[in-house]
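Report on the following structure.
The values are calculated or read from the model by the stated rules, or taken from the named source; none is laboratory data. None of the values given here were measured: they were computed from a predicted structure. Positions of Cβ are backbone-derived with ideal geometry, glycine not excepted, and every protein chain shown enters the neighbour counts. Accessible surface is based on the protein model in full, side chains and every heavy atom, while ligands, DNA and RNA are left aside. Shrake-Rupley method; radii C 1.70, N 1.55, O 1.52, S 1.80 Å.
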Amino acid sequence: MVSRRTKAVAQLGIAVLTALWMVSMRRLLRSSDDESHEPTSLSPGGIAVGGAWGIGQVWAYDRDSWQIRTNRRRGMAVSLVGIAVQRRLLPRTESFRYSFGFGRVLGVVVYRAWYGLLRPLPGGD
């Protein structure tokens, strides 16, 4: 069985690679000569909300809030509620949605760098 810390470090690596991929795609689009493929502008509010969302997700998972880590059904239910909240309550502009996704990845990177790489994971096993 894989330890929680190993999973956390793997999640950090995946989040870092995802953030690097997103940045490289923006640079590639910016450097292309085709003006129809201009990269989406970034929304500071979207990045902030996404960062808080990403941190909140891994925080709740680490602490097993509402038993989302140990009970798969509850974990799935909380995920579905989160998707519904995103679709109903958050702005639907392309800029906000892209920034939200980017901020979410950055939030996971920050949290996992602190808890998982530099410090032990909170919560019990």
So Leu106, is it over 13 Å from the mean Cα position of the chain (by Cα) and aliphatic (A, V, I, L, M): no
Breaking point among (1) under 22 Å from Tyr115 (Cβ atoms); (2) modelled with pLDDT under 95, for Trp59: (2)
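How many residues, within the range 51-103, are more than 12 Å from the chain's Cα centre (by Cα) and under 17 Å from Leu121 (Cα atoms)?
Total satisfying the criteria: 10.
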Filtered residues of the range 73-119 (kept if surrounded by fewer than 17 Cβ atoms within 10 Å (Cβ to Cβ), in a helix (DSSP H, G or I) and among the aliphatic types (A, V, I, L, M)): Met76, Ala77, Leu80, Val81, Ile83, Ala84, Val85, Leu89, Val110, Ala113
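Could you list, in sequence order, the residues of the range 55-68 that are on the phi < 0 side of the Ramachandran plot, open to solvent by less than 50 Å² (accessible area, probe 1.4 Å) and in a loop (DSSP other than H, G, I, E, B)?
Let us first name the residues in the range 55-68 that are on the phi < 0 side of the Ramachandran plot, namely 55-63, 65, 68.
Pick out the ones that are also open to solvent by less than 50 Å² (accessible area, probe 1.4 Å) and you get 56, 58, 60, 62, 65, 68.
Ile68 - this is the single residue of the range 55-68 that is on the phi < 0 side of the Ramachandran plot, open to solvent by less than 50 Å² (accessible area, probe 1.4 Å) and in a loop (DSSP other than H, G, I, E, B).
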Leading residue by the ranking (most open to solvent (accessible area, probe 1.4 Å)) among those in the range 10-54 that are in a helix (DSSP H, G or I) and closer than 13 Å to Ser95 by Cβ: Pro44
